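For reference, the structure is listed below as structure tokens.
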Amino acid sequence: MMVRFPDKMTRLREGFYDIKDKGGRKVPFRLNEDQQEFLESRWFLDVVLKSRQKGFTTVIQLDMLDDCLFIPNTSAGVIAHKLDDAKAFFQDKIRFAYDSLPAPFRKLRSADQDSADSLRFNNGSRIRVGTSMRSGTLQILHVSEFGKLCAKHPERADEVKSGAFNAVHTGQRITVESTAEGRAGEFKAMCDKAQKLAEKGDALTELDFKFHFSGWWSDKTCVLDADVVETADMTKYFAELETHPLLKARGVKLSREQRAWYIKKDEQQGDKMKQEYPSTPEEAFEASVEGAYFPTQMKKMRSEGRICRIPILNTPVYTTWDLGVGDAMAICFWQDVGMERRLIDYYENSGEGLEHYAKVLTDRGYNYSEHFFPHDGDHRRLGKDAKTPKQHGEELGIKPIRIVPRISTESVGIQASRSYLPQVYIDEIRCQRAIDCLDSYRKEWDDNLGVWKDKAVHDQFSNGYKAFETAAVRKPAVKKQEQQVAIPSMATAWRR
């Protein structure tokens with residue numbers, strides 16, 4: 001047997017392992033082109049942004065199983081965002097592949113510890129699955145669907161980063177793979193950082209993640225032999241897609257069958273198409289995060305071009321704040337032009353006193369008219385001076401400060417923001433963090449009931465949103481029927 005399958009790539013290419021195919025049938029596993037390309041180009045640390053059903057989970061776990069079977073004392077772990085998913089991976093991929101091996105080989109490499117979530121082999125190697133891997137030392141770690149974990153459970157995503165990643169020593173292997181889930185969060189940050197490193201062309205260190213992308217168009221199963229009506233918008237989309245540097249470098253020309261598949265799949269998936277079946281890395285993160293409060297409003301802002309570069313005019317600037325206690329503080333900088341509410345700048349920090357933010361305002365150099373603090377700006381803070389933030393701020397030169405009354409319920413603020421957003425323009429460069437907060441402010445997920453709770457998650461996006469909400473509730477929203485003033489020419493001189 002080992003003469004026939006002398007090395008790992010041969011074993012993965014030539015059917016040494018069995019898997020269940022999409023129909024549930026037992027078939028020999030053989031590498032497809034995407035899987036082989038990944039194995040041949042991977043690094044010590046890899047982050048994979050992918051389209052659905054590309055087989056990355058399968059090949060990563062079979063590769064891991066192969067190392068455990070053939071390299072003594074290898075410790076490997078798989079993390080999924082839910083324990084049920086982790087155990088399903090183990091049973092359907094790892095355990096199934098091992099149990100399907102010929103009996104003589106399993107006798108040679110027996111599992112002396114066998115449970116619902118782990119196997120320990122008689123060569124000292126072990127493979128296990130779970131939702132956390134902080135304890136112990138690993139040589140191989142696979143984090144599956146990290147994007148979903150970041151979106152629904154950001155605190156657990158932080159635990160994976162601080163715990164499981166640090167259980168793998170430098171020079172060993174970590175693979176993080178996922179479809180996208182919203183425009184912000186740790187998975188997107190990892191992808192962005194790895195992409196920037198690739199674009200710079202610098203040599204990677206053993207602590208740098210290498211970026212991999214696998215779009216739907218490289219999947220030979222994404223075809224449909226049918227006559228499908230192709231709209232002018234779709235024709236334009238396909239033409240632009242073929243000129244994208246990624247596809248152009250590979251010489252990709254979409255066939256009639258590929259275009260037909262994409263059109264029908266897009267009809268089925270709707271807003272989730274670009275998330276589940278992205279054509280490019282940029283597309284993958286365009287879909288709204290699940291449970292987000294403002295997906296419709298943010299999508300409309302983008303379609304109407306209201307997230308754009310905005311000139312800063314020689315007119316007064318007012319600010320709206322969120323006041324964190326042992327938390328991040330956020331400031332939105334606004335200018336009003338007619339009926340337009342222009343978010344021209346944004347600042348956020350944590351662990352700093354009001355003195356720091358007073359200096360930020362001074363350094364920005366705007367001509368300030370007013371500063372709007374939320375209701376707790378009138379609450380006295382503990383300390384020898386026992387001053388309110390309003391009193392302290394005005395002593396530092398942040399004035400005049402207006403206190404926005406407390407809203408009765410969280411839903412009142414959400415509705416006010418939804419009504420306010422149609423009048424808002426946001427600078428796409430200076431306010432990128434604020435955009436991320438609006439995109440990612442979402443409901444809390446109830447794992448037990450499998451539903452979204454009727455309250456918001458308090459996470460890294462909350463403070464930025466709350467600073468925006470202060471603007472939305474400070475006075476009634478502008479009526480939609482009032483005439484809007486056009487944005488001045490983008491040829492206007494920029495102040496920043």
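The values are calculated or read from the model by the stated rules, or taken from the named source; none is laboratory data. These numbers were taken from a predicted model, which means no experiment stands behind them. Counting neighbours? That spans all protein chains shown, and the Cβs are built from the backbone with ideal geometry, glycine included.
Points worth noting:
- Failed criterion for residue 332 (all others in (1) modelled with pLDDT of 95 or more; (2) hydrophobic (A, V, I, L, M, F, W, C); (3) under 30 Å from residue 239 (Cα atoms) hold): (3)
- Of all the criteria given as (1) at pLDDT 90 or above; (2) at positive phi; (3) surrounded by 15 or more Cβ atoms within 10 Å (Cβ to Cβ), the one not satisfied by residue 291 is (1).
- Within region 40-69, the set of residues being surrounded by fewer than 16 Cβ atoms within 10 Å (Cβ to Cβ) and in a helix (DSSP H, G or I) comprises 40, 41.
- The residues in region 72-94 that are over 16 Å from residue 15 (Cα atoms), of a type outside the set (S, T, N, Q) and surrounded by 15 or more Cβ atoms within 10 Å (Cβ to Cβ) can be counted, and the count is 13.
- Members of region 25-39 found to be part of a strand (DSSP E or B) and under 23 Å from the mean Cα position of the chain (by Cα), listed by number: none
- Selection status of residue 414, in a loop (DSSP other than H, G, I, E, B), of a type outside the set (Ser, Thr, Tyr) and in contact (Cβ under 8 Å) with a residue 60 or more places away in the chain: no
- Test: residue in region 440-454 that is under 24 Å from residue 340 (Cα atoms) and either at pLDDT below 95 or part of a strand (DSSP E or B) (or both): yes
- Positions within region 256-273 being modelled with pLDDT of 90 or more and within 20 Å of residue 50 (Cβ to Cβ), in sequence order: 258, 261, 262, 265, 266, 268, 269, 273
- Residue count for region 168-198, restricted to those that are surrounded by 15 or more Cβ atoms within 10 Å (Cβ to Cβ) and touching a residue at least 40 places away in the same chain (Cβ under 8 Å): 21.
- Reported count of residues in region 122-151, each being in contact with an Asp or Glu (Cβ under 7 Å, 6 or more places away or on another chain) and either in contact (Cβ under 8 Å) with a residue 40 or more places away in the chain or closer than 19 Å to residue 89 by Cα (or both), is 9.
- Helices (runs of 4 or more DSSP H) wholly inside region 96-207 that include at least 1 residues being within 15 Å of residue 43 (Cα to Cα): 186-200
- Qualifying residue in region 386-396 (condition: closer than 30 Å to residue 304 by Cβ and touching a residue at least 24 places away in the same chain (Cβ under 8 Å)): no
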